[in-house]
Amino acid sequence: MNRAPILFLGVFCVLAFSFVGLVLTNQLTYGAFTTHVDEDEGKAFPQQLPGIAAQGKLVYQDLGCVTCHTQQVRREGFGSDIGEKSRGWGERQSVARDYLREERVLLGSQRTGPDLRNFAARKTPAGADFTADWLYSYLYDPKLVVADSSMPRYAFLFKTQKIVGQPSPKALTLSEAYAPEAGYEIVPTARGEALVAYLLSLKDTYAYPETKNVYTPPAKPEGTVEEKKEGTQ
Amino acid sequence: MATDSSLTPELTPESSSSHPAEAAAIDASLRTSLVVLTGSALVWLLIAGVLAIVSAWQLHTPAFLDACEFTTHGRLQPAQSNAFIYGWGFNAAFAVSLWLMARLSRGALPGSGVLLLGAVFWNVGVTLGVGGIILGFSTSIEWLEMPGFATPLLLVAYALIAAWSLVVFRAGRSHQIYASQWYVFAAIFWFPWLYSIAQVMLVFSPVRGTVQSVVHAWFSTNLFLLWFASIALAAIYYFLPKLLVKPVSNYYLASLSFWWLAIFGSWAGISRLIGGPVPAWVQTVGAAASFMLVVPLFILGLNFYGTLSGRWSALKDSVTLRFIAVAIVALSLVLLAWVASALHGVAAITQFTYFTAAQVQLGLYGFFSMVVFGSLYYIVPRVLNTAWASTPLVGVHFWASTLGVALLVGALAIGGIQQGLQLADPSVAFADVTKATQPYLLAASVAWVILVIGQLAFALNFFWTIGRASADCVRSAKTLLTVQPEAAK
């Protein structure tokens, strides 16, 4: 190892090996992966985000939500994301095709907060569907709707404005301690509305061919029968 | 004060080099560049330290500074990691690698103008990047959050700075290529490749779907292993034998571990995608490559612990060695945790928890930064040709860093494992999982405060030493001009 050109060649080849093996191979094999056209529904899945939700994703990115929230549901038996006894974070595991239309894939690496991949298909702690109103209150001050939440407030996504004519339908309904002075209301800003639209678009409920017939580990470690279980439809 | 007898030998410029005059000339040629690089590294270290305290505090007190979008946790945390990595880490790595390369290749720096221009560009780029994150231009890609308007500048600046390590390497008089030089030489080629590919494939022209996740895992673990760890290993291979005045034990294995680490390490990063929405073979290859890291772990252990064995008493006399000894322990733990996390059963628990944050801090602070601290304690007095201004501050820095890292990593690791076990048990409500991590997160915040105390001691000592060195310069210049006017011609 006393010859600089040989050292250089080795150093070059080593990284070239992993670059070709990992980056290029993946790009060439499944980098051209296509959407799944469902002829019964006449649509291609995954579907494009509606415009306002796409704007909301930019808000999600600029506020760094990915710092604390992952967006990937792991398979049954790996952690407790889905399955019978689980946190019920999704109806099925996330697959590569789910992310096809995303210009920026935000898998995330920390679950300081819950996973959000299938957020809009889940239920509130009270058991109802998530609504824009619920999310507005939650973002304004999480403790308003979830007493033991440890998420910071995003009150800067809201503004206090004077009520002109009819009150805005998006205005927050707040208890007296939080309510603005009479004649004023608190409404989400455009960014707040976009973020909520994005959060409500987070739904991976469509079953692709590859999400059916996935291997599910046996319920008991001693179980002798390994069976293939039908995935959720 | 310059002749303080309590100072340990490496804190003063007098060295026992085999070519004392040449070494002094090399150090003198590097003076301005290293002062600028180290000075800016320290400023970024303090900025990152303050950001770390605030963002760590927000984890257990969510209402802290959440009224304004510029200080929301989701922006401060990436601002912290980018200031730490690109501000502190890179400036410091530039300084240490340039000095190592110049000394080992026995080549002086021909001129510092271009390098200084590069340093200015680099710091402007990092300022734009970190400022951009806080103002809301983040890309939300971990360790690449800096917006696209800052990053091309960083690559240009990198070329202007790193090229000089190659210049002194090629122009130097030494015909031997020592282990430290392999690592620095390789790291200098690897980083621009990793960074430009990541920028193009993730930010400027994003690839489809989760190929992005593969590229990202490839980039971020290689940034640690092929850049930060390479530079730190270069410094360890240099200082261990030098300060212990004995050869590295089992040195013949060093080249094997270099190539092994490069070949398998550069594949090992994707093991973080285990269980993720990427092809199964990618996860399997990542796990297999991670297991291969057992070999360099073993060889580096033989090299480093073997060299240190029987000479532990030398740690008492040398600050540099003490920092490096802590770093060697941290490196062993980083590699062990890496191998362990590639096991499916372990990954299912530790993935997405504070345990991974502990691994990152152990690698970047406990290993890389500790090596750099130790190296700078040796390099700075030689380059400035003056002793460190204060010995007590050195002690404060060492103990604050060691205790701080131990507390930070310990709290995050134990808290993370507990968090992982509870997350895996659906009968524990999510809010209770969060609540149970609070004491550990509080301990992590305290650890950051301790770490910043150490950083302040280091920065104070550094700028004090510079002040004294420049005062000496001014004095000698005055003497030169008044007493011996003919000598000034």
With respect to residue B:103, determine if the residue is of a type in the set (Lys, Arg), surrounded by fewer than 24 Cβ atoms within 10 Å (Cβ to Cβ) and at pLDDT below 95.
-> no
Give the stretch A:25-57 a look and list any residue that's within 7 Å of chain B (Cβ to nearest Cβ), part of a helix (DSSP H, G or I) and not aromatic (Phe, Trp, Tyr), or say none.
-> A:26, A:27
Among (1) free of Cβ contacts under 8 Å to residues at least 60 places away in the same chain; (2) at the interface with chain B (Cβ under 7 Å from one of its Cβ atoms); (3) at negative phi, residue A:64 falls short only on (3)
Here is a list of conditions, (1) surrounded by fewer than 18 Cβ atoms within 10 Å (Cβ to Cβ); (2) within 11 Å of chain A (Cβ to nearest Cβ); (3) in contact (Cβ under 8 Å) with a residue 60 or more places away in the chain, and residue B:432 meets all of them except one; can you say which number that is?
-> (3)
Candidates B:108, B:95, B:102 - the one that is outside any loop (DSSP other than H, G, I, E, B), closer than 21 Å to residue B:180 by Cβ and more than 17 Å from the chain's Cα centre (by Cα) = B:102
Conditions: (1) within 14 Å of chain B (Cβ to nearest Cβ); (2) in contact with a Gly (Cβ under 8 Å, 6 or more places away or on another chain); (3) free of Cβ contacts under 8 Å to residues at least 24 places away in the same chain. Residue A:151 meets all but one. Number of the miss?
-> (3)
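Let's see how each residue does on (1) part of a loop (DSSP other than H, G, I, E, B); (2) facing chain B (nearest Cβ under 10 Å); (3) touching a Lys or Arg at 6+ places or on another chain (Cβ under 9 Å):
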residue: A:2; (1), (2), (3): yes, yes, no
residue: A:23; (1), (2), (3): no, yes, no
residue: A:59; (1), (2), (3): no, yes, yes
residue: A:69; (1), (2), (3): yes, yes, yes
residue: A:84; (1), (2), (3): yes, yes, no
Output the qualifying pairs, or none if there are none: Cβ atoms under 6 angstrom, residues six or more apart or on different chains, first residue in the stretch B:51-77 and more than 8 Å from chain A (Cβ to nearest Cβ), second residue of a type in the set (Ser, Thr, Tyr) and surrounded by fewer than 24 Cβ atoms within 10 Å (Cβ to Cβ).
-> B:56/B:445; B:57/B:445; B:65/B:71
Does at least one position in the stretch B:178-188 carry a residue that is in a loop (DSSP other than H, G, I, E, B), crowded, with 17+ Cβ neighbours inside 10 Å, aliphatic (A, V, I, L, M) and within 11 Å of chain A (Cβ to nearest Cβ)?
-> no
From B:218, B:227, which residue is under 24 Å from residue B:156 (Cα atoms), at the interface with chain A (Cβ under 7 Å from one of its Cβ atoms) and out of contact with any strand residue (DSSP E or B) (no Cβ under 6 Å at 6 or more places or on another chain)?
-> B:218
Given (1) within 8 Å of chain A (Cβ to nearest Cβ); (2) in a helix (DSSP H, G or I); (3) without any contact (Cβ under 8 Å) to a residue 40 or more places away in the chain; (4) not hydrophobic (A, V, I, L, M, F, W, C), residue B:242 misses just (1)
Can we say residue B:231 is surrounded by 22 or more Cβ atoms within 10 Å (Cβ to Cβ), in contact with a Gly (Cβ under 7 Å, 6 or more places away or on another chain), at pLDDT 95 or above and part of a helix (DSSP H, G or I)?
-> no
Can we say residue A:75 is within 9 Å of another protein chain (Cβ to nearest Cβ), surrounded by fewer than 19 Cβ atoms within 10 Å (Cβ to Cβ) and either farther than 30 Å from residue B:146 by Cβ or in contact (Cβ under 8 Å) with a residue 24 or more places away in the chain (or both)?
-> no
Is one or more of the residues making up the stretch A:155-176 touching a residue at least 40 places away in the same chain (Cβ under 8 Å), surrounded by fewer than 18 Cβ atoms within 10 Å (Cβ to Cβ) and more than 7 Å from chain B (Cβ to nearest Cβ)?
-> yes
Subset of the stretch B:273-288 (residues that are within 9 Å of chain A (Cβ to nearest Cβ) and either free of Cβ contacts under 8 Å to residues at least 60 places away in the same chain or of a type in the set (Asp, Glu) (or both)) = B:279, B:285
Of all residues making up the stretch B:322-359, the number that are more than 9 Å from every other protein chain (Cβ to nearest Cβ), under 20 Å from the mean Cα position of the chain (by Cα) and either over 21 Å from residue B:294 (Cβ atoms) or not in a helix (DSSP H, G or I) (or both) | 5
What do you reckon, is residue A:72 within 22 Å of residue A:34 (Cα to Cα), out of contact with any Pro (no Cβ under 7 Å at 6 or more places or on another chain) and of a type outside the set (Ser, Thr, Tyr)?
-> no
Meets criteria (within 14 Å of chain A (Cβ to nearest Cβ), part of a helix (DSSP H, G or I) and polar (S, T, N, Q)) for residue B:174 | no
Selection within the stretch A:100-152 - among the basic types (Lys, Arg), in contact with a helix residue (DSSP H, G or I) (Cβ under 7 Å, 6 or more places away or on another chain) and farther than 23 Å from residue B:206 by Cβ | A:111
Would you call residue A:102 in a loop (DSSP other than H, G, I, E, B), modelled with pLDDT under 95, at the interface with another protein chain (Cβ under 10 Å from one of its Cβ atoms) and more than 30 Å from residue B:436 (Cβ to Cβ)?
-> yes
Could you check residue A:82 against (1) without any contact (Cβ under 8 Å) to a residue 24 or more places away in the chain; (2) closer than 21 Å to residue B:284 by Cβ; (3) crowded, with 22+ Cβ neighbours inside 10 Å and say which number it fails?
-> (2)
Scanning the stretch A:180-194 for residues that are away from chain B (no Cβ under 14 Å), closer than 25 Å to residue B:64 by Cβ and not in a strand (DSSP E or B) gives A:180
Spot the failing condition for residue B:324; the list is (1) crowded, with 22+ Cβ neighbours inside 10 Å; (2) within 30 Å of residue A:110 (Cα to Cα); (3) touching a Leu at 6+ places or on another chain (Cβ under 9 Å), and only one is missed.
-> (2)
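The values are calculated or read from the model by the stated rules, or taken from the named source; none is laboratory data. It should be emphasised that the depicted structure is a prediction, and the values quoted were computed from it without experimental measurement. Here the Cβ is made from the backbone with ideal geometry for all residues, glycine too, and neighbour counts use every protein chain on show.
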